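We did not get these values from a lab; they are worked out from the coordinates using the rules stated. In this text the structure is predicted, and so the values were computed from the model without any measurement. When we count neighbours, we look across all protein chains shown, and the Cβ atoms used for this are built from the backbone with ideal geometry, even at glycine.
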Amino acid sequence: MPPPDLVEPIGLKKGKHLDDLEHKAIDEDEYKPKLKEAQLKLLNLQLELAESRNSLVVVFEGPDAAGKGGSIKRVTERLDPRLLRVHSVVKPTQEEYQHNYLWRFWQKLPPYGQIAIFDRSWYGRVLVERIEGFATEKEWKRAYQEINEFERLLTEDGAIIVKIYMHISKDEQLFRFKRREADPLKHWKITDEDWRNRKKWDEHNNAAEDMFDKTSTEATPWNVIPANFKWFARVKTVKIVVDALESVKLRKS
């Protein structure tokens, strides 16, 4: 099988790095109507998807506190919850350790007509597992091809895969970490692991940029969102999912 056609990630200009991203803001009076409009489009598209032999898989990656959870909420809050699942991916269970790293994701893929959203995903193999040494160099280097083939199999079977990487500046992450620590209602969101990951900021960025170079394909490109300003990032996220669904001719069930 020939290798997939690789493309540049959407939103990250050639020769630029993640920390070079320009972060844009929108006003509240602009945010609310734009979000509502995009969410309504997404709801109507979900109902069309439900009558098809396609599925939608949305993958979120990015540094801690980048706003993945908030954006996932805006994607899902107006949709029919019976037709979607959100999976928050944490470290593998003991049983999952006994299988290939992709095994646990197969069980979470959506049936035809439905949506699955992954808050972190199989890309952990080439991100955190690479950085922390949970995968050997041979294993994570091999994973780029394995993931491309995995996604090609899914798309050829009718899956629409949307890959979103949300990025914030290091200063913005520090601000959000401190705010979480000071808020009793959000204190659970910050852990010692978050602070430890922050010390390897450059390593995580380099791993993400390698991931874009090797797994942003014509069929499943990466969308990179500058996310320092939450309202902009949330509207952008919903619009990316809308555009992906609108660009595909759904298969009749």
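Tabulated data
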{"item": "Sequence of 216, 253 once ranked by neighbouring C-beta atoms within 10 Å, starting from the fewest", "result": "253, 216"}
{"item": "Given charges at beta-carbon only (K, R positive; D, E negative), |dipole| of region 102-253 in Debye", "result": "520 debye"}
{"item": "Charge-dipole axis of region 50-245 as Lys and Arg at +1 and Asp and Glu at -1 on Cβ define it, positive-most pick from 90, 66, 106", "result": "66"}
{"item": "Residue-span extension gain [residue 7 to residue 85] - 0.36 nm each, minus C-alpha spacing", "result": "25.2 nm"}
{"item": "Euclidean distance of C-alpha centroids, region 47-79 and region 193-248, integer Å", "result": "13 Å"}
{"item": "Charge dipole (debye, nearest 20) of region 101-152; +1 at Cβ of Lys and Arg, -1 at Cβ of Asp and Glu", "result": "60 debye"}
{"item": "Exposed GluC sites (Glu not before Pro) absent: longest stretch of the chain, with sites in DSSP loops and at most 14 other Cβ within 10 Å deemed exposed", "result": "78-217"}
{"item": "Chain lengthening between residue 98 and residue 239 when straightened (0.36 nm per residue, less Cα-Cα)", "result": "46.9 nm"}
{"item": "Overall form of the chain per C-alpha gyration tensor (a/c, 1.5; a/b vs b/c)", "result": "rounded"}
{"item": "Where labels lie 7 Å past Cα in the beta-carbon direction, separation of residue 249 and residue 219 in nm", "result": "1.7 nm"}
{"item": "Proxy reagent accessibility, fewest Cβ within 10 Å first, across 128, 248, 90, 58", "result": "90, 248, 128, 58"}
{"item": "Dipole of the chain, positive direction: furthest Cα of 11, 42, 224, with charges on the beta-carbon", "result": "42"}
{"item": "Within region 223-253: backbone nitrogen closer than 12 Å to the residue 25 label point (7 Å, Cα to C-beta)", "result": "228-232"}
{"item": "Net charge over other residues, Cβ less than 9 angstrom from the Cβ of residue 217 (K, R count +1; D, E count -1)", "result": "-2"}
{"item": "Net dipole in debye of region 1-40 [+1 Lys, Arg Cβ; -1 Asp, Glu Cβ; about Cα centre; nearest 20]", "result": "140 debye"}
{"item": "Positive minus negative residues near residue 164 (Lys, Arg vs Asp, Glu; Cβ under 10 Å)", "result": "+2"}
{"item": "Cβ-based net charge around residue 59, under 14 Å, with every Lys or Arg adding one and every Asp or Glu removing one", "result": "+3"}
